[in-house]
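Asker: Following this message is one structure expressed as structure tokens.
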Amino acid sequence: MRRYLLPLLEFVVMLCAGCATDQRNQALIQTLNAYASTLRWGDFQSAMQFVDPKVREAHQPTALDLARYQQVRVTGYDEGPGAVPDGENQVRQVVQIGLVNVNTQSERTVIDRQTWRYDPEKKRWWLTSGLPDITQQ
């Protein structure tokens, strides 16, 4: 009986480990989609909720930063090839964001290099690179 019990137990452990990874990947897909949707609507205030709380606390956007976000409309959000693993609980993603200045109607594109970290305790992905820098040329 022991001869069958040990392989069965190993199989169950491997299956559970696979479920955790699948759950983490599913959470990543949902988080990236929700963040992209939030930015596509130009809701930078709500996008702050995706930023890691430690990063948010250390780098609060100034009133000037918030005013700059109000001056642009997002016209495009292109993830390119998507998220690439960068360690056990981290992924990187490069996104092109199209912006139009509401005052001048000039259009430009900024590159947002995102880093996302998975928090296994909260089972949640956090943006550690902060909101996109829309002042870059």
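Here's the yes/no breakdown for (1) hydroxyl-bearing (Ser, Thr, Tyr); (2) modelled with pLDDT of 95 or more; (3) touching a Cys at 6+ places or on another chain (Cβ under 9 Å):
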| site | (1), (2), (3) |
| --- | --- |
| 39 | no, yes, no |
| 55 | no, yes, no |
| 62 | yes, no, no |
| 66 | no, no, no |
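Asker: Are there any pairs with C-beta distances below 8 angstrom linking a residue in region 23-50 that is without any contact (Cβ under 8 Å) to a residue 12 or more places away in the chain to a residue that is among the β-branched types (Val, Ile, Thr) and part of a helix (DSSP H, G or I), with the two at least 6 apart or on different chains, and if so which?
Answerer: Final answer for the pair search is 46/38.
Asker: Within region 86-137, which residues are more than 21 Å from residue 70 (Cβ to Cβ) and more than 16 Å from the chain's Cα centre (by Cα)?
Answerer: The one that is more than 21 Å from residue 70 (Cβ to Cβ) and more than 16 Å from the chain's Cα centre (by Cα): 121.
The values are calculated or read from the model by the stated rules, or taken from the named source; none is laboratory data. Being a predicted model, the structure only gives us computed values, none of them experimental. For neighbour counting, all protein chains shown are included, and Cβ atoms are generated from backbone atoms with ideal geometry for every residue, glycine included.
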